[in-house]
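Trainee: Before I ask anything, let me first share the structure, which is written out below as C-alpha cells.
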Amino acid sequence: MSQQASPRGTFLKIADSVKVLIEGDPELIELPSLTEVMREHGVSRGVAIRAYGVLRQEGLAEPAPGERWRVVRSGDRVDRRPLDQRIADIITADGLAVGEAFPSASVLAERFGVSRPTVTKALDKLETAGVLAGGGQGRVRTVRAVPTREERS
C-alpha cells in the first residue's frame, strides 16, 4: 500500500529534466506545455506547475500571459508587457493613422508567435479601450485612436 516516496520531490526531478532541455538547446524559447509535461512524466497539473515554479525561482523561465512559459536567458531583452500593449505599439511603430487598416489576427499571431485566439483576445481589449474599431469575422479592423505614451506604459 505504501509507495516509496522519492528522496527528491518529483517536481524537482521534472524541473531538472526541463533544465537539461534548456541547456541543451540554445534556440529553445518556449517550454513544453504543462499538458506535455503531465503526459510525459505521469503527474498532475499541480506537480507540473510546481516544477515550472522552481524554474521561475531560478530565473530560467517565466509565465507569459496567454502563452506558454518562456525560457529566460541572461542578456536577452524580452518585452514582458501584456500582448495587447505590444500590439498597440504597432500603430506608432508602423506609422498607422486613424482610419487605416490594422493587421489581421493571423498576421499578428505570426508576428508575435502566439495563437490566433490569443491575439483575438488582445484585439478585443484594444477595441474595448477605443484604440481599434471594426473587427469580427471577415471584417477589417481599423485604427480608431493613436495611443498616447501614458496609455501604452
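Trainee: Would you please put 88-94, 102-108, 49-55 in order of how densely packed they are, using the mean number of other Cβ atoms within 10 angstrom per residue and starting with the highest?
Mentor: So the order, starting with the most tightly packed, is 49-55, 102-108, 88-94.
Trainee: Ignoring ligands, DNA and RNA, please state the percent of accessible area on the range 77-124 from carbon and sulfur, probe 1.4 Å.
Mentor: That share works out to 52 percent.
Trainee: Note the listed values (1) 8.8; (2) 12.1; (3) 8.2, then indicate which one is mean projected area of the Cα convex hull in nm² calculated from this particular structure.
Mentor: Evaluating mean projected area of the Cα convex hull in nm² on these atoms matches (2).
The values are calculated or read from the model by the stated rules, or taken from the named source; none is laboratory data. From a predicted model like this one, the values you see are computed outputs, not experimental measurements. FYI the Cβ positions are ideal-geometry reconstructions off the backbone, even for glycines, and counts take in every protein chain you see. Accessible surface areas use protein heavy atoms only, side chains included; no ligands, DNA or RNA. Shrake-Rupley method; radii C 1.70, N 1.55, O 1.52, S 1.80 Å.
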